[in-house]
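To keep things clear, I will list the structure first and then write my remarks on it.
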Amino acid sequence: MPRRLANLVLFAAITTLLASGIVAWLLPDAAAETLYVAHRVAGVALVLALVWKYAIARRSLRRRGVRGSGVWIGLATAGLTVVAASLGIAWTAGLVSFDRPFSYSALNLHVIAGLALGALVVAHALARGESRPALVTLAGRRAALRGLALLAASFVATAALDRFALARRDSGSRHAGSFTGNAFPVTIWSLDSVPNIDVQSWRLRVSRANARPVELSYSDLALFPRSEASVVLDCTGGWWSEQRWSGVSLIDLLARCGMSEAATRVEVISVTGHRWTFDRSEAEQALLATHVGGEPLSAGHGYPLRLVAPSLRGFLWIKWVGEVVAA
């Protein structure tokens, strides 16, 4: 395979991996299924294309040596590619998980390596970018057949890996115990420390357009109608757990506090500053939970109040909620 074509294939695979991985985090489970498949296929394609790239890189190093910053950027890119791909394969095969062999999830390490790889690929392309041969000369029958063969092999290998992989959700997450109250993993999306909240002085601030904010205490929330639901929490750290959550319906609370019927967005803000904006349809399904499995939320799980957002990934389940804004 021509060197430029091999580089373009690798660039396409890495771009697909980054786009599918990041966008899938933001979408509901059902909408992200195709992206999960695309991510796995692109990962296999990357590994297969590295066979061609290895032969090209070896010839280049023999000819040029290791002089020049571009070569070192290329070597760093190769190293990160091996790390990211190895972690992805090991995760699929069940050799690593969210709690082994490190206390920090191996899937998070895979994500970090992938993001760093994306930055290095851009730097490598700027340092060693090619303009020859012209793209039009690469778009021949032979190149098309090679591309189709690579794509077909990637689909076949992905299907085989999926068949023999250990049980997991489409997102790649593995089961971490269900219906266990607070006894499921504690992870914090933005690396915040668990805040020390005095529930007696804590208030939930509810803000609406053109109206004075309403402040509710923990005991005030107990006066609202209770809602319960069994919902799966799928964490980006690579684990999932189904629990019985109870608390106050987010949309009901906003309605009772005077939210306008014209409001289309709801922002939920943690006392740590972590925040996310949801559209109205997502807010209508959400719960502001005070309990899990009949137990008050533990501090690590968001006490006194956390968002439960069905079908959305765990980093959107805002913990330690301090304010809700309807707009």
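The values are calculated or read from the model by the stated rules, or taken from the named source; none is laboratory data. These numbers come from a predicted model, not from an experiment. Positions of Cβ are generated from backbone atoms using ideal geometry, with glycine treated the same way; all protein chains shown enter the neighbour counts. Heavy atoms of the whole protein, side chains included, go into the accessibility calculation; ligands, DNA and RNA do not. Shrake-Rupley method; radii C 1.70, N 1.55, O 1.52, S 1.80 Å.
Where does helix 106-128 land angle-wise versus the long Cα axis of the chain, in degrees 0 to 90, nearest 10?
Compared with the principal axis, the helix lies near 50 degrees.
Go ahead and set up a Gaussian network model of the chain, Cα springs under 10 Å, then flag whichever of Ser227, Ser154, Ser103 fluctuates most.
Comparing Ser227, Ser154, Ser103 in a Gaussian network model of the chain, the most mobile one is Ser103.
Which distance in Å, rounded to a whole number, links the C-alpha centroids of segment 28-56 and segment 144-200?
15 Å
Per residue, what volume in Å³ does the convex hull of the Cα atoms of segment 169-234 enclose?
193 Å³
Mind putting a number on the dipole of the chain about its Cα centre? Charges go on the C-beta only, +1 for Lys and Arg and -1 for Asp and Glu, and I need it in Debye to the nearest 20. Please list the in-between numbers first.
Values: 33 positive and 21 negative charges, 490 e Å.
Around 2360 debye, computed over the chain.
Counting only DSSP beta bridges with both residues in the chain, what percent are antiparallel, rounded to the nearest 5?
In the chain, DSSP labels about 85 percent of beta bridges as antiparallel.
When the chain is fully extended, how far beyond the present Cα-Cα distance does Ala19 get from Glu284, taking 0.36 nm per residue of separation?
92.6 nm
Given points 7 Å out from each Cα along the Cα-Cβ axis, report the Leu126 to Asp198 separation in nanometres with one decimal.
5.0 nm
Note down the nm distance, to one decimal, between modelled labels 7 Å out along Cα→Cβ at Ser217 and at Ala76.
Here the answer is 5.6 nm between the modelled labels.
How large is the helix-only mean residue ellipticity at 222 nm for the chain, computed as the sum of -39500 (n - 2.57) over DSSP H runs with n ≥ 4, divided by its residue count, in deg cm²/dmol to the nearest 500?
So the calculated ellipticity at 222 nm is -15500 deg cm²/dmol.
For Arg142 and Leu95 in one chain, what is 0.36 nm times their gap in residues minus the Cα-Cα distance, to one decimal in nm?
Using 0.36 nm per residue and subtracting the Cα-Cα distance, I get 13.1 nm.
Would you mind telling me the share, in percent, of accessible area of the chain contributed by carbon and sulfur at probe 1.4 angstrom?
The C+S portion of the solvent-accessible surface of the chain is 62 percent.
Which residues make up the longest stretch of the chain that has no chymotrypsin sites (Phe, Trp or Tyr not before Pro) in a DSSP loop with at most 14 other Cβ atoms within 10 Å?
The segment 180-327 is the longest one with no such site.
Counting heavy atoms of the protein chains only and a 1.4 Å probe, report the per residue accessible area for the chain as a whole number of Å².
Heavy-atom SASA per residue in the chain reads 51 Å².
Taking the chain as the reference, fit the longest principal axis to its C-alpha atoms, fit the long axis of helix 29-64 to the helix C-alpha atoms, and give the angle between the two in degrees, 0 to 90, nearest 10.
Once rounded, the angle reads 30 degrees.
Restrict the search to segment 23-122; then list the trypsin sites (Lys or Arg not before Pro) that DSSP places in a loop and that have at most 15 other Cβ atoms within 10 Å of their Cβ.
Arg67
Counting only the heavy atoms of the protein chains, how much of Asp162 is accessible to a 1.4 Å probe, in Å² to the nearest 10?
Around 60 Å² of this residue is reachable by solvent.
Using the alpha carbon gyration tensor of the chain, what are the three equivalent-ellipsoid semi-axes (square root of 5 times each eigenvalue), largest first, in whole Å?
46, 20, 18
Calculate, in nm to one decimal, what Ala209 and Ser230 gain on full extension: separation in residues at 0.36 nm each, minus their alpha carbon distance.
Roughly 4.3 nm would be gained on extension.
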